[in-house]
Amino acid sequence: MFIYTVKSGDTLSGIAGIFNIPAGRIAADNNLRINSGLAVGQSLVIMSDTMRYRIKENQTLYSISQEFNVPLEELIDINPNLNPISIPVGATVIIPVSTNVSRRPAVINGYAYPHITESALNCAVPFLTFLSPFSYSITPSGELISPDDQDLIYSAVRSAVMPLMVVTNIYDGTFSTEVLSQILEDDSATARLIDSIMYELDRKGYYGVNLDMEYISPNDREIYNEFLKNLSERLHRGNYVLITAVAPKYRADQPGILYESHDYAVQGKYADYVVIMTYEWGYTYSSPMAVQPIEEVRKVLSYATSEIPSGKVIMGMPNYGYEWTLPYTRGTAARSIGFAQATEIAIANNAEILYDENTQTPYFYYTDNGVRKVVWFDDPRSINAKLRLVDEFDLAGASWWTVNRCYVPNRLIAQNAFDIAKF
């Protein structure tokens with residue numbers, strides 16, 4: 001696999017010639033049409049073992065070996081017809097593309113809303129360990145309201161993917177602090193909730209629970225921890241797994257209702273895996289910025305792995321970006337946008353895609369009917385950079401929110417980096 005950054009004058013057919021693969025393959029692997037144009041600065045996943053490179057003035061095999069991080073001996077072996085001491089300008093050199101031959105095992109989770117299209121689901125399941133249909137909600141008495149999840153469960157099992165039952169404290173369409181407090185403070189309601197979870201697991205054929213409780217009252221921290229302990233014991237007795245989802249924290253005493261009751265040490269003790277929701281720095285009502293700035297994620301993971309065994313930590317990955325209207329006015333909403341859609345907009349408006357090295361995130365500007373816009377999103381280059389954090393921190397794997405939009409590079413890059421676990 002190679003990640004190629006488009007330069008001025010590049011075409012799909014020209015890039016295909018460089019890597020000796022069909023243009024249609026490059027288009028399909030990057031959510032592009034075969035006759036699509038390209039945007040300068042756009043990055044592409046290239047599923048090839050070699051690339052063709054034309055020698056420029058003052059270049060040697062040695063300088064090329066340094067530029068592409070390929071051993072000189074390997075370059076000489078793969079180009080037996082070239083004189084390594086004197087190569088004419090314009091000569092073609094075959095360069096082997098580095099491959100991750102020692103892929104490490106990793107678990108990959110994908111959240112999905114029940115309305116996901118068949119094509120988007122088929123795009124995602126080949127690279128998933130777990131599929132998490134979103135979501136069961138709760139009632140004040142501790143009963144569960146089921147999503148329309150049967151088709152997702154069937155598709156997951158058919159594809160050797162383990163379905164997880166997502167349980168949230170959503171009530172009446174939103175995460176409810178009050179309803180969760182009411183349940184946690186009532187022993188009979190708490191018992192009813194755990195019993196209901198166990199019943200649904202058995203009835204639906206789920207592999208385990210993905211618990212996503214958000215906006216928990218700080219006053220409920222200890223009783224929520226006790227709930228996790230009791231739920232974990234019931235699940236493990238039944239040979240089910242428990243995955244929890246938590247807000248991204250930098251430190252134990254981080255203030256705010258999103259953070260205070262997510263006790264990382266306790267989550268790591270009772271859960272089999274913990275998904276850290278490392279996204280939404282840039283969000284609907286924020287000023288324009290990256291959704292997942294890599295240095296902020298690194299800070300969160302550094303703290304998380306000090307409290308939770310690294311082999312239990314799953315890093316969250318966003319499958320969306322945002323488009324903001326400029327000049328930005330506080331309180332105005334950004335538009336959620338898919339990665340393929342973002343690229344299409346850049347191509348259609350002849351916008352150059354820029355890359356912010358600090359956040360490891362692409363962005364671009366364009367004008368729509370006289371209105372200036374900026375889009376921050378992710379592309380193969382940024383996805384690859386962020387997935388390297390899994391190795392850097394020796395994490396269990398990654399989790400995508402959500403897989404409802406098909407973006408083929410997500411799958412290709414993950415499959416290149418990891419030996420994806422199947423249970």
Scanning the stretch 41-58 for residues that are under 24 Å from the mean Cα position of the chain (by Cα) and hydrophobic (A, V, I, L, M, F, W, C), the one surrounded by the fewest Cβ atoms within 10 Å (Cβ to Cβ) turns out to be Met47
Check on Ile243, farther than 23 Å from Tyr111 by Cβ and either within 29 Å of the chain's Cα centre (by Cα) or not polar (S, T, N, Q) (or both): no
Among residues of the stretch 18-34 being assigned to a helix (DSSP H, G or I) and open to solvent by 40 Å² or more (accessible area, probe 1.4 Å), the residue farthest from Pro380 (Cα to Cα) is Ile18
Restricting attention to the stretch 213-267, the residues that are acidic (Asp, Glu) and in a helix (DSSP H, G or I) number exactly 4
Conditions (1) more than 31 Å from the chain's Cα centre (by Cα); (2) open to solvent by less than 40 Å² (accessible area, probe 1.4 Å); (3) farther than 25 Å from Pro22 by Cβ -> Val93 fails only (3)
When the stretch 187-207 is checked residue by residue, the ones that are over 25 Å from Leu131 (Cβ atoms), open to solvent by 10 Å² or more (accessible area, probe 1.4 Å) and not polar (S, T, N, Q) are Asp187, Ala191, Arg192
Any hit, the stretch 341-354, residues being surrounded by fewer than 24 Cβ atoms within 10 Å (Cβ to Cβ) and under 14 Å from the mean Cα position of the chain (by Cα) = no
Log entry, pairs with first residue in the stretch 163-187 being part of a helix (DSSP H, G or I), second being of a type in the set (Val, Ile, Thr) and open to solvent by less than 60 Å² (accessible area, probe 1.4 Å), beta carbons closer than 8 Å, six or more apart or on different chains, reads Thr177/Ile216; Val179/Ile138; Val179/Thr139; Leu180/Ile138; Leu180/Ile216; Ile183/Ile138; Ile183/Thr190; Leu184/Thr190
When every residue in the stretch 366-383 that is open to solvent by less than 30 Å² (accessible area, probe 1.4 Å) and among the aliphatic types (A, V, I, L, M) is compared, the one nearest to Tyr283 (Cα to Cα) is Val375
Within the stretch 268-310, of all residues that are hydroxyl-bearing (Ser, Thr, Tyr) and assigned to a helix (DSSP H, G or I), the one farthest from Phe393 (Cα to Cα) is Tyr270
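The values are calculated or read from the model by the stated rules, or taken from the named source; none is laboratory data. Note that this is a predicted model, so its numbers are computed, not measured. FYI the Cβ positions are ideal-geometry reconstructions off the backbone, even for glycines, and counts take in every protein chain you see. Ligands, DNA and RNA are excluded from the accessible area calculation, which covers all protein heavy atoms including side chains. Shrake-Rupley method; radii C 1.70, N 1.55, O 1.52, S 1.80 Å.
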